[in-house]
Amino acid sequence: MTFTEYLNQPDPLYMPNVIITESDCDTVFTNVKGDISISLTINGKRYYYVTDTYNRLWTIDSDGNKKSRSCFSFQRTH
């Protein structure tokens, strides 16, 4: 499922597999640990994530550490 499909679900699924691309993101950068950090705006609120070695996105705590697995996976577009 794309990010646009995810946002437009009439009956939201629990933990669908959603592919996020760079064009979906507000920001994308590689942090000092080598993980990719991403911010997304969903329904007017900004959320922050970090990738794991499989490009799955995790929410982060106030220190930037992985907290909870999300339904999103990141795919570079270049």
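Bear in mind that the values in this text are calculations on the coordinates, not laboratory data. Worth saying up front: this structure is predicted, and the values here are computed from it rather than measured. In this analysis, Cβ positions are derived from the backbone assuming ideal geometry, glycine residues included, and neighbour counts consider all displayed protein chains.
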Contour excess over end-to-end distance, with Cα ends at ASP63 and MET1 and 0.36 nm allotted per residue:
19.3 nm
Pair GLN9, TYR54: separation of 7 Å Cα→Cβ label points (nm):
1.9
Take the chain, compute every pairwise Cα distance, and split them into 10 Å bins from 0; I just need the percent in each bin.
18, 57, 23, 2
Ranked by GNM mean-square fluctuation in the chain (Cα springs under 10 Å), the top entry among THR51, THR30, THR59 is THR30
Two-decimal ratio, segment 37-77, of alpha-carbon radius of gyration to 2.2 N^0.38 Å:
1.11
Using Cβ counts within 10 Å as a stand-in for footprinting exposure, how do LEU13, LEU7, LEU57 rank, fewest first?
LEU13, LEU7, LEU57
Just in the chain: which chymotrypsin sites (Phe, Trp or Tyr not before Pro) are loop by DSSP and have at most 12 other Cβ atoms within 10 Å?
TYR14, TYR54
Size of the dipole of the chain about the Cα centre, Lys and Arg at +1 and Asp and Glu at -1 on the beta carbon, nothing else charged, in debye to 20?
180
Label model pair ASP26, CYS71: point-to-point distance (7 angstrom along the Cα→beta-carbon line) in nm is 2.0
Under 19 Å from LYS33, Cα to Cα: lysines that are on another chain or at least 8 residues apart
LYS66, LYS67
